[in-house]
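Heads up, the thing below is written out as structure tokens.
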Amino acid sequence: METETLTYVTPSAAVAAPEGGQLEYPAALPVQPLTATAASSAGEADARRAYAAFLAQPTARAGLPEFGKAPAPYQDSVKRVSVPPGQYVRYASNRVITSSFVRSCPGAAAGRDAVGTVTSFWPDFPLGGTVNCADPQGAVQQQAARLMCTTGA
């Protein structure tokens, strides 16, 4: 399953001039840290094996990170935009991939199934955007607005 996850957000900033104007954004704050990981009922070693098996699948997206890796901190190239009057938040999101698994354990745990979850992310996907606090579109923008827009905006 792939979902878009809010990863960074800026404090809100406002433009009051009736004709709009330039908006400068402060530095983005981390919201949801991402790590390529897995959890298994059979323990850490099995979780690592499950993650390796996930990466080796023919249907796996190329370039997924190694187990335990986190994405580089988001560096937004947009620092200033022209907007109509209003209150705004800048945000970044990433595509997160989650997959559950069940597999038979060999050796000492023979006859028992291990269950768990693999979580990864698209390392080249960080997507930045601007949300008007008065009109957030979609789940990620709505979450950014709930976190950073002041009441009544």
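The values are calculated or read from the model by the stated rules, or taken from the named source; none is laboratory data. Since the model is a prediction, treat every value here as computed from it, not as a measurement. Virtual Cβ from ideal backbone geometry, glycine too; neighbours counted across all protein chains shown. Quick note on the areas: whole protein, heavy atoms, side chains included, nothing else; ligands and nucleic acids left out. Shrake-Rupley method; radii C 1.70, N 1.55, O 1.52, S 1.80 Å.
Every condition in (1) farther than 24 Å from Gln143 by Cβ; (2) within 18 Å of the chain's Cα centre (by Cα); (3) exposed (fewer than 15 other Cβ atoms within 10 Å of the Cβ) holds for Ala38 except the one numbered (3). Taking the numbered list (1) open to solvent by less than 20 Å² (accessible area, probe 1.4 Å); (2) part of a strand (DSSP E or B); (3) over 20 Å from Pro126 (Cβ atoms) in turn, Ser99 passes all entries but (1). Count of segment 117-153 residues, restricted to those that are open to solvent by 50 Å² or more (accessible area, probe 1.4 Å) and among the small types (Gly, Ala, Ser), is 4.
Within segment 9-30, restricting attention to residues that are open to solvent by 50 Å² or more (accessible area, probe 1.4 Å) and under 26 Å from the mean Cα position of the chain (by Cα), which residue is farthest from Pro65 (Cα to Cα)?
Ala14
Could you go through segment 17-29 and let me know if any residue there is without any contact (Cβ under 8 Å) to a residue 40 or more places away in the chain, more than 15 Å from Ser99 (Cα to Cα) and part of a strand (DSSP E or B). The answer is yes, given that some residue of segment 17-29 is without any contact (Cβ under 8 Å) to a residue 40 or more places away in the chain, more than 15 Å from Ser99 (Cα to Cα) and part of a strand (DSSP E or B). Exactly one residue among Gly68, Gly111 is surrounded by fewer than 16 Cβ atoms within 10 Å (Cβ to Cβ), part of a loop (DSSP other than H, G, I, E, B) and either touching a helix residue (DSSP H, G or I) at 6+ places or on another chain (Cβ under 7 Å) or at pLDDT 90 or above (or both), and that residue is Gly68.
Pairing each residue of segment 126-144 that is at pLDDT 95 or above and of a type in the set (S, T, N, Q) with any residue that is open to solvent by 60 Å² or more (accessible area, probe 1.4 Å) and outside any strand (DSSP E or B), provided the two are 6+ apart or on different chains, yields no C-beta distance under 7 Å.
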